[in-house]
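Report on the structure given below.
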Amino acid sequence: MRTRAEAGRQRWAILGFAVAILVLSFVVLKSAYYQLVLTQVLLWAVLSLAWNLLSGYSGYFSFGHAVFWGLGAYTVALGMLYLDLTPWISVPFAALVGAVAGAIIGYPTFRLRGHYFALAMLAYPLATLYVFQWLGYQELALPMKREAPLLYMQFEDPRAYVVLALGLVVAALLISLKVENSRFGMALLAIKQNEPAAEAAGINTWRWKMLALMLSGAIASIAGGLYGVVLLVITPETVFGMLVSAQALILALFGGVGSLWGPVIGAMLLVPLAEGLNAELGDVLPGIQGVVYGIAIIMIILWAPEGVYWRVLDRFSRRAPAPNTPETAVAGIAVNVAPLPRAPAPLGGSLLVLRDVGISFGGLRALDGIDLAIPEGGLYGIIGPNGAGKTTLFNVINGFLAPDRGAINFSGEPITGLRPSQICRRGVGRTFQVVRAFPRMTVLENVIVGAFVGAPDDATARQMALAALDRVGLSAQSSAVAGGLTTRELRLMELARALVPHPRLMLLDETLAGLAHDDLDGILTVIRQLRADGITVVIIEHTMQAMVKLVDHFTVLDHGRLIASGKPDDVVRDPSVIEAYLGKKWVDRVAVSAK
Amino acid sequence: MNRKLTRRSVTAGLALGALVSPGWGIGLARAQTKTVKIAMIAPLSGPWARQGQLLRMGSDMAVDDINSQGGIKALGGAKIEIIYADAGDSTEKAKNAAQRLLSDHPDLVGGSGAWLSSFTLAVTEVTERAQLPWLTLSYSDAITNRGFKFVFQTSPTADWQAAETLPTAIKLAEAATGKRPKTIGIIQDNTASPVSFGKQLREGGGLDKVGLKPVVDQIFTPPLSDATPLVDKVRSAKPDFLMLLTSAMPDCKLVLEKLDEFKLSKGKVPLVGNGAPFGSPELLKTIGPELLEGLLFSVANWPMKGQEEFIERFKKRTGEPFLTQDGLCGYGDVAILKEALELAGAADKLKVAEAIRTMNLTTGPAAQSFPGPIKFDDKGRRQDVPMIFAQWQKGVPVTVFPTELALAKPFWPSV
């Protein structure tokens, strides 16, 4: 999230951009041709901004934004041909069409993720293309209105279209900026980095994704509508074609995906380049323009894989990570741990109760008849060899997986079958085996994502995030970019993100894995402090060593079953535990040595 | 050279170049003292590049002919200069090309293009506003339905062709076999021109008027993956002839091969198509003369009687196996503009437009390039145009109807 001052600067930049375009259009460019190209640059920029709003921020790549563009264009064309509707009404109406289309498309398609989502999106414009062909709209020409051209958006002066298109770009930029600077944008960024983590941090990912697609569809449709007005001739291939979807994507990727200015930069560079090559080479060496265009894109992507915007930014800004020496940071932890924001709960009484919980994947029983009662206020360890079902157990508790049978109660309330974000809101925090930070965001921003659950407004969220960072001893690094952190700092950051909404139960998934010995002590200090603050901690590990020193109570899982439970010292001597870890041979050997 | 040309500097230069390129109009600095500029927009790249190239071959030849024969006499022997622009593969590119031509060359007096109907629609939106007379071979009715004053369609429109094709085909069948066909099969794709053609047949009363009963009526979405279900229907229904309305060659090939496989080729079911692609050299190359033998197609313009010398010259000049609609129209459009300039007596686009509106040519290169007189009505459509039929005979599509323009006798393929 940007600070208020940064957002203000961006607004000035948008104003400056608008003025520059107006100067370009009214003072510099003289011919109608350049005005037409400029209009197209701006319209493609809007489409790309719309794409970026969904795909750039949330990471849900859409190969099918042509569907919105085309629906917008056809809304305008059909409105004018059959209802004599002026584009002044139908172009804004196209936004509504796009939003509705977004909702209809999003409802089934957001069940998919990653490549599957991208490929499913590809199908929509292609299918719609055939529908419009089947309906007999192969070639629609907007009628020329000689008697009332202005009423039908038919201007003599091509600069009028530049102004209209510029208006759309400015609107799209302001909307993007607003989104970036709100929890909407943070939620999308969190989804992009790690959707399960976002859901576990209390973000209702479904709602934000749908909103993003609807907003994106609305913006793309309105631009498509104006494109129809400018082009005057609409065919399914031109507006629903693969090239339109590709254009949206290429411009944003080229300019800088996930950035406010990336799509605009992409459009300003690539659209004139393509058109210029067409004009220069089209009649001399037909087809060579496509080759040159392709080479230019490949070279720039090699030079700036994340897009021109990020490359230039990295080059000119001094966004080096804040200096952090491990020694001082570790030493600082003990003193930095902040006082608890609320009174510790009394020990005793079960906070989390699992009754006969089971889940299968195909023929594999990943969890089988788990009965578990975790008392409030303790440090509870769950161990087991690889594949024992530890992470599955966490996934069942925090709602990623619904158990096939059994019931889970948290604080006396049933939570079986709730969404992870709902369970998070009830006070269950969690970290993951593999930390997924948002590398381009600062540590503070990373943590703020977790704060939206409990915070009524963005300012409070910021305060809560700062407090959480203080608790884990990462205050000094709060403005460092997460990409530059060490593993230990990343673990602490994730811990802070889970802590920020004041959970009563923390599920830590292999938080100690992959840490050097010195780093381990720092983390252990923080975890102990959590217990001292009254938070119930459940920690998963597959190595016993560190755990024996840390936890009050051990539970051992193997092949989805509880095989032992009790005090750490007792559990490690249990023959069934030794067998699970080391094999039958070792059980015998231990038995012999005990005698 | 010490300076290393790094990848970075090249890409940066490219990107910068795109930004600051000060008007990409550096070509064409060979302005002469006495030239008249005309334009042609055609798809020179992309999926329709071949057709654009054929158009260009024709227009280049016309310009050479005119200039070598003393230019435009009414303008003191001024030479014609033709400026080409690539319509590419989208309406957006076609429209940009038109706008660019007008910006870079405000002294244009006329033009021609852009082959594909939707390109022509977009291009003429620009040329009409600039009051530049524009000729086109595109078929779509929409082109001259918009009340435009500066667009002239040299081809009969799609609706008219749809209305005329069947009666003419029946006439041919009756003349050849003495029997009047009673049933018809239709196989078509759902792209723009087959759809409007089919609509005229079904909803526009095209079938009823000639008393044909459709026993097969199939519409498919290209690309066709397998023609078996379509051709199977033809086999069981056995129509007296089959109307084939495909716009992509691979689909056409699939249907023809399947007909052969089902033993329906070689005239068992006579085939009638519409449009110039049915007579393209590429079709011959991919399908071969045997499967094509006897295939009839209606077309706006095809090499006719009286053009024999011209056809030979074209073949020699270009190396093409035969002349087609595109080359012929490319030549003819330039010839019409030349005649208009002669009639107008001034290199002025408004006067040229007026000359085209009032011309009635029956002789000369322009009139020879098209069937019927060069005479336009208020909408910009040519009047008194006969429907041309060509037929594949021994590997060459030759004009067989109307008789006075035919280069060969038609035969109605029969069992």
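The values are calculated or read from the model by the stated rules, or taken from the named source; none is laboratory data. This is a predicted model, so every value here is computed, not measured. Cβ sites come from the backbone with ideal geometry, for glycine too, and all protein chains shown count toward neighbours.
A few remarks follow.
- Residues in segment B:319-344 that are over 17 Å from the mean Cα position of the chain (by Cα) and either in contact (Cβ under 8 Å) with a residue 12 or more places away in the chain or in a helix (DSSP H, G or I) (or both): B:PRO321, B:LEU337, B:LYS338, B:GLU339, B:ALA340, B:LEU341, B:GLU342, B:LEU343, B:ALA344.
- With respect to the conditions (1) in a loop (DSSP other than H, G, I, E, B); (2) more than 14 Å from chain A (Cβ to nearest Cβ); (3) not small (Gly, Ala, Ser), B:LYS79 falls short on a single one, namely (1).
- Residue check for A:LEU47: free of Cβ contacts under 8 Å to residues at least 40 places away in the same chain, within 13 Å of chain B (Cβ to nearest Cβ) and in contact with a helix residue (DSSP H, G or I) (Cβ under 7 Å, 6 or more places away or on another chain): no
- Just one residue in the set B:THR165, B:THR183 is touching a Ser or Thr at 6+ places or on another chain (Cβ under 7 Å) and either farther than 29 Å from B:ALA94 by Cα or away from chain A (no Cβ under 14 Å) (or both); that residue is B:THR165.
- Within segment A:204-226, residues that are closer than 26 Å to A:GLN422 by Cβ reach partners that are among the aromatic types (Phe, Trp, Tyr) with beta carbons closer than 6 Å, at six or more positions or on different chains, in the pairs A:LYS209/A:PHE110.
- A:LEU253 vs. criteria more than 10 Å from chain B (Cβ to nearest Cβ) and assigned to a loop (DSSP other than H, G, I, E, B): no
- Checking the stated criteria, B:ARG100 turns out not to satisfy the condition of being in contact with a Gly (Cβ under 9 Å, 6 or more places away or on another chain), modelled with pLDDT of 90 or more, over 28 Å from A:VAL230 (Cα atoms) and within 11 Å of chain A (Cβ to nearest Cβ).
- Checked against the criteria, B:LYS316 does not count as of a type in the set (D, E, K, R) and in a loop (DSSP other than H, G, I, E, B).
Table: residues versus (1) within 14 Å of chain A (Cβ to nearest Cβ); (2) part of a helix (DSSP H, G or I); (3) in contact with a His (Cβ under 6 Å, 6 or more places away or on another chain).
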position	(1), (2), (3)
B:LYS171	no, yes, no
B:SER196	yes, yes, no
B:ASP208	no, yes, no
B:PRO214	no, no, no
B:PRO250	no, yes, no
B:LYS253	no, yes, no
B:ASP260	no, yes, no
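- Qualifying positions in segment B:345-366 - outside any helix (DSSP H, G or I) and closer than 25 Å to B:LEU405 by Cβ: B:MET359, B:ASN360, B:LEU361, B:THR362, B:THR363
- Selection of segment A:205-248 for residues being away from every other protein chain (no Cβ under 14 Å) and aromatic (Phe, Trp, Tyr) yields A:TRP206, A:TRP208.
- Residues within segment B:367-395 that are assigned to a strand (DSSP E or B) and either in contact with a strand residue (DSSP E or B) (Cβ under 7 Å, 6 or more places away or on another chain) or surrounded by fewer than 18 Cβ atoms within 10 Å (Cβ to Cβ) (or both), tallied: 8
- Single residue of segment B:216-244 satisfying the filter (part of a loop (DSSP other than H, G, I, E, B) and of a type in the set (Ser, Thr, Tyr)) that is nearest to the other protein chains (Cβ to nearest Cβ): B:THR221
- Residue match in segment A:272-282 (condition: at pLDDT 75 or above and under 29 Å from A:TRP12 (Cα atoms)): yes
- Only one entry in A:GLY225, A:GLY241 is within 25 Å of A:MET80 (Cβ to Cβ), modelled with pLDDT under 90 and among the small types (Gly, Ala, Ser), namely A:GLY241.
- Residue check, A:GLY56 in a helix (DSSP H, G or I) and not hydrophobic (A, V, I, L, M, F, W, C): yes
- Conditions (1) in contact (Cβ under 8 Å) with a residue 40 or more places away in the chain; (2) basic (Lys, Arg); (3) assigned by TED's automatic domain parsing to the domain that holds A:PHE410; number of the one not met by A:ARG497: (3)
- Segment B:100-130, residues that are assigned to a loop (DSSP other than H, G, I, E, B) and either within 22 Å of A:ALA274 (Cβ to Cβ) or touching a Lys or Arg at 6+ places or on another chain (Cβ under 6 Å) (or both): B:HIS105, B:ASP107, B:ALA114, B:TRP115, B:LEU116
- Residue, nearest to the chain's Cα centre (by Cα), within segment B:285-307, restricted to residues that are within 20 Å of B:LEU224 (Cβ to Cβ) and touching a residue at least 12 places away in the same chain (Cβ under 8 Å): B:PHE297
- Criterion: part of a helix (DSSP H, G or I) and either within 21 Å of the chain's Cα centre (by Cα) or within 14 Å of chain B (Cβ to nearest Cβ) (or both) - qualifying residue of A:GLY8, A:GLY70: A:GLY70
- Test: residue in segment B:69-76 that is more than 14 Å from chain A (Cβ to nearest Cβ), in a strand (DSSP E or B), modelled with pLDDT of 90 or more and touching a helix residue (DSSP H, G or I) at 6+ places or on another chain (Cβ under 8 Å): yes
- Residue selected from segment B:183-221 under the condition among the charged types (D, E, K, R) and over 14 Å from B:ASP251 (Cβ atoms), by the criterion surrounded by the most Cβ atoms within 10 Å (Cβ to Cβ): B:ASP217
- Condition met for B:PRO181 (more than 30 Å from B:ALA366 (Cβ to Cβ), in contact with a strand residue (DSSP E or B) (Cβ under 9 Å, 6 or more places away or on another chain) and of a type outside the set (Gly, Ala, Ser)): yes
- Boolean, A:GLY514 is more than 28 Å from A:PHE452 (Cα to Cα), under 27 Å from the mean Cα position of the chain (by Cα) and not in a strand (DSSP E or B): yes
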